[in-house]
Amino acid sequence: MFRSWQKEVPAEIEICPVQLPGRESRLREPRYDRLGPLINDLSSALLPLMDLPFVFFGHSMGSIVSFELAVKLRNEGKKGPLALLLSGRRAPHRPDPFPPLHALPEEEFKQELRRLNGTPEEVLNHPELMELLTPVLRADFAVCETYEHAPTEPLSIPVAAFGGHGDEEVATEDLEGWQRYSTGGFKVRMFEGDHFFLNGPSRSSLLSAVSEELMHHYRKSLSAQSQ
């Protein structure tokens, strides 16, 4: 999905999607089902590539990955992102009001996927595809549902939180909760759609907002380098 964004953002911006194990060309690699090992390995893998100014964008699970990776880089005195763009995820201190899904029986798990509206019906009704996809989804849910944020000092970088007006999983106040994790400025942007608003009619509006944020931080970094 994120690869297609490159065509719709300013030429000064390079979109660099991160492909985790268990997906696409990494389908047969062991999946992460806990956040700690994922953050440790991701930090080691990405650090050599962080020679230019960068911003983290994450949706849902990607939001907590982006946030915790930024915290880890800050705590270790390493170069971190200019800003965080966090989408479709409640702030770490906000309780999850829904029961965990990752260990549900097969049919119940499929019903929950259908309710969340993130998996196409043709995929849900395709046994071979579901056999490949289900372990990946269960692992992702396990990462999110077992996540416990250790209290830490807020980041000094700006944070922008994006959400869908119709998202039954993440309310506006859940997004507003991210404010406590930044002393560098904070905003919330809401779009039409549910939890997966970034794939729907609001895609163009979201990409415009993301581009606006990225260009703002890009220009600030250029200005800082020239001083």
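Observations, loosely collected:
- Options Lys187, Lys220; residue that is of a type in the set (Lys, Arg) and part of a strand (DSSP E or B): Lys187
- On inspection, Thr146 passes the criterion of being among the hydroxyl-bearing types (Ser, Thr, Tyr), modelled with pLDDT of 95 or more and touching a helix residue (DSSP H, G or I) at 6+ places or on another chain (Cβ under 8 Å).
- Verdict on Phe191 being at pLDDT 95 or above, open to solvent by less than 40 Å² (accessible area, probe 1.4 Å) and either more than 21 Å from Arg115 (Cβ to Cβ) or out of contact with any strand residue (DSSP E or B) (no Cβ under 7 Å at 6 or more places or on another chain) (or both): no
- First in the range 20-36 and open to solvent by 70 Å² or more (accessible area, probe 1.4 Å), second anywhere and of a type in the set (S, T, N, Q), Cβ under 9 Å, 6 or more apart: Ser25/Gln19; Arg26/Gln19; Asp33/Thr146; Arg34/Thr146
- Within the range 68-86, the residues that satisfy the criterion of being out of contact with any helix residue (DSSP H, G or I) (no Cβ under 7 Å at 6 or more places or on another chain) and within 18 Å of Gln179 (Cα to Cα) are Ala70, Val71, Arg74.
- All conditions but one from (1) in a helix (DSSP H, G or I); (2) more than 25 Å from Leu38 (Cβ to Cβ) apply to Gly193; the one that does not is (1).
- Residues located in the range 123-154, provided they are within 15 Å of Pro30 (Cα to Cα) and small (Gly, Ala, Ser): Ala139, Ala142
- Each residue in the range 139-172 was checked for being without any contact (Cβ under 8 Å) to a residue 60 or more places away in the chain and part of a helix (DSSP H, G or I), and 3 pass.
- Within the range 1-19, restricting attention to residues that are within 30 Å of Ala103 (Cβ to Cβ) and modelled with pLDDT of 90 or more, the residue that is surrounded by the most Cβ atoms within 10 Å (Cβ to Cβ) is Val18.
- Looking at Gly166, Gly177, just one residue is open to solvent by less than 20 Å² (accessible area, probe 1.4 Å) and more than 23 Å from Ile15 (Cβ to Cβ), and that residue is Gly177.
- Residue list for the range 117-136, restricted to those being assigned to a helix (DSSP H, G or I) and either in contact with a Phe, Trp or Tyr (Cβ under 8 Å, 6 or more places away or on another chain) or basic (Lys, Arg) (or both): Thr134
- The range 37-48, residues that are open to solvent by less than 70 Å² (accessible area, probe 1.4 Å) and over 18 Å from the mean Cα position of the chain (by Cα): Leu47
Table: residues versus (1) β-branched (Val, Ile, Thr); (2) buried (at least 19 other Cβ atoms within 10 Å of the Cβ); (3) touching a Leu at 6+ places or on another chain (Cβ under 8 Å).
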| position | (1), (2), (3) |
| --- | --- |
| Pro92 | no, yes, no |
| Arg114 | no, no, yes |
| Glu122 | no, no, no |
| Met130 | no, no, yes |
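- Taken over the range 78-90, residues that are open to solvent by 10 Å² or more (accessible area, probe 1.4 Å) and farther than 14 Å from Leu155 by Cα amount to 2.
The values are calculated or read from the model by the stated rules, or taken from the named source; none is laboratory data. Quick caveat: nothing in here was measured; it's all calculated off a predicted structure. We place every Cβ from the backbone using ideal geometry, glycine too, and count neighbours over all the protein chains shown. Just the protein is used for accessible areas: all its heavy atoms, side chains included, with ligands, DNA and RNA removed. Shrake-Rupley method; radii C 1.70, N 1.55, O 1.52, S 1.80 Å.
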